[in-house]
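These notes concern the structure reproduced below.
The values are calculated or read from the model by the stated rules, or taken from the named source; none is laboratory data. Since the structure is predicted, the reported quantities are computational estimates derived from the model, not experimental observations. Reconstructed Cβ throughout: ideal geometry from the backbone, glycine too, with neighbour counts over all protein chains shown.
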Ligand SMILES: *Cc1c(COP(=O)(O)O)cnc(C)c1O
C-alpha cells in the first residue's frame, strides 16, 4: 500500500460533505482537539445563548420565564430534539440530571418490571459510575439482587438467561471504543424475559442509533460528549412509551408527579415521560445544551458515521505508518462495525506521552493504567488534523520529549 501523505489528507478534507459544520464551533487556533469524546467543543452560539437566558430571560422576565420562555417544559422540548438522533419518538426522552443519577432511575424502574428476578447483567470494565450506582442501588434494596459482571460481547450474551431481570450495557466502551451489537443483545435480553437498558454516553451524537427499531426498553446518556452540550450539561433518559406510567423510578420528586402544581399530599406518577424527571432543572446548563443537540439533530447520521470511521481508519493507518517502531498497541477493534468514534492504544509510558502531546497542542486523554484515548469527532475535526496529530506524536517519540519531568507529574484529571 502506498504511504499516506499530508497532501492526501487535505484532499480528503476538500471532498468532505460535513466540512462546514466545523464553522459552527469555536476551537483554539493551534490546537488539535481529540478529546471531544470526553468534553465536546463549544458551539459558537453558546455565549449568546447564555446572555439570552441570563439577561433577556432571567434578568428581565424573572419567574414569568417558566411559562413564557418555556423553562418548565425545556427538558421535554430538548428531549424531543435529541430523540430524533437516537431513533426515539417525541415524548420518549427528557434531558435532565446527571448520567449516574439517571442510571439509578432506569435500573430501579426496570427492576420493577421483573420483581421476581434478582440478576442484573453489566460489563465489569464499564465506566465505573454505572456500576458503582448499580451497587448502591443493590445495597439500598437490601442486597437481594446480584450484579453479574461479564466481559466481551460473547461473554455478555452467554450471561443472559431466564434468571436475569435487567441487562444494562454501554454501547460504546469508554476506554476501548468497542461497539456492542445493540440489536442482537436486546433481542436475546427480551427473549429471556429481561429488560434492556442501554448507556449511550459514547454513542449518542457519534453514530446512528435506532432504539425503537431495536425495541430497547430504557436508555440514558450524557450530552457533554458528542452532543457538545457544555461542561456538566444534563444527561438524557429514554423510556419506551409502553413503560411510561408503569415502570416507575424511585426519585419521585414533584416534576414526576401527574399534576405538579396541584400540590397534592400524595404521589401520583405522571403517565408520560415526565415520570423520569425528579425536580427543578438547572436551566442555564439545560438551555445551553440545546445548541449542540440542535447541531446533532441537523447532521446526517450516516454521513457522520462514514466520516468518523474514515478518520479513525486514517488515524490507525498513520500511527502504524509513522510510529510503527514505538511500541503502541491498538486496543480499539480494527473492524469498522465493531468500533465507535474513538481510537485507543496502549503504551507503558502512556500518561507522559499524552501530557507531551497536550504540550504540543494535541488534546487527547489518558485512562489508567496505560491507555491513550483519541476522540475522532467528525463535526469539527479535519483529516489533516489527524495527520498533524500523528506527526506531532512521531516527533515526541523520536525525541523522547515525554521523558521530561514536566510531563510525568500526575494531575487530578487525566
Ligand atoms: C461519561 C460517562 C458517564 C458520566 O456520568 P456522569 O454522571 O455525567 O458523571 C457515565 N457512564 C458512562 C458509560 C460514561 O461514558
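For the range 77-93, name all the residues that are within 15 Å of residue 221 (Cα to Cα) and assigned to a helix (DSSP H, G or I).
Of everything in the range 77-93, those that are within 15 Å of residue 221 (Cα to Cα) and assigned to a helix (DSSP H, G or I) turn out to be 78, 79, 80, 81, 82, 83.
For the range 207-219, give me each residue that is more than 16 Å from the ligand (Cβ to nearest atom) and more than 14 Å from residue 167 (Cβ to Cβ).
Across the range 207-219, the qualifying residues are 208, 210, 211, 212, 213.
Name the residue that is surrounded by the most Cβ atoms within 10 Å (Cβ to Cβ), counting only residues in the range 183-206 that are more than 12 Å from the ligand (Cβ to nearest atom) and not in a helix (DSSP H, G or I).
Among them, the one singled out is 205.
Go through the residues of the range 44-53 one by one and say whether even a single one is touching a helix residue (DSSP H, G or I) at 6+ places or on another chain (Cβ under 7 Å), within 20 Å of residue 378 (Cα to Cα), in a loop (DSSP other than H, G, I, E, B) and within 16 Å of the ligand (Cβ to nearest atom).
Within the range 44-53, none of the residues are touching a helix residue (DSSP H, G or I) at 6+ places or on another chain (Cβ under 7 Å), within 20 Å of residue 378 (Cα to Cα), in a loop (DSSP other than H, G, I, E, B) and within 16 Å of the ligand (Cβ to nearest atom).
Among the residues of the range 77-110, which ones are buried (at least 22 other Cβ atoms within 10 Å of the Cβ) and more than 16 Å from the ligand (Cβ to nearest atom)?
Scanning the range 77-110 gives 78, 79, 83, 85, 88, 92, 93, 109, 110.
Do we find a residue being at pLDDT 95 or above, within 12 Å of the ligand (Cβ to nearest atom) and in contact with a strand residue (DSSP E or B) (Cβ under 6 Å, 6 or more places away or on another chain) anywhere in the range 220-229?
yes
Considering only the range 111-131, how many residues are near the ligand (Cβ under 10 Å from one of its atoms), free of Cβ contacts under 8 Å to residues at least 60 places away in the same chain and buried (at least 21 other Cβ atoms within 10 Å of the Cβ)?
Summing the residues that are near the ligand (Cβ under 10 Å from one of its atoms), free of Cβ contacts under 8 Å to residues at least 60 places away in the same chain and buried (at least 21 other Cβ atoms within 10 Å of the Cβ) in the range 111-131 gives 1.
What residue, of 165, 159, 134, 150, is away from the ligand (no atom under 16 Å from the Cβ), touching a helix residue (DSSP H, G or I) at 6+ places or on another chain (Cβ under 8 Å) and assigned by TED's automatic domain parsing to the domain that holds residue 112?
Testing whether each residue is away from the ligand (no atom under 16 Å from the Cβ), touching a helix residue (DSSP H, G or I) at 6+ places or on another chain (Cβ under 8 Å) and assigned by TED's automatic domain parsing to the domain that holds residue 112 leaves just 165.
So is residue 356 buried (at least 24 other Cβ atoms within 10 Å of the Cβ) and either outside the structural domain of residue 34 (by TED's automatic domain parsing) or closer than 14 Å to residue 408 by Cα (or both) or not?
It is true that residue 356 is buried (at least 24 other Cβ atoms within 10 Å of the Cβ) and either outside the structural domain of residue 34 (by TED's automatic domain parsing) or closer than 14 Å to residue 408 by Cα (or both).
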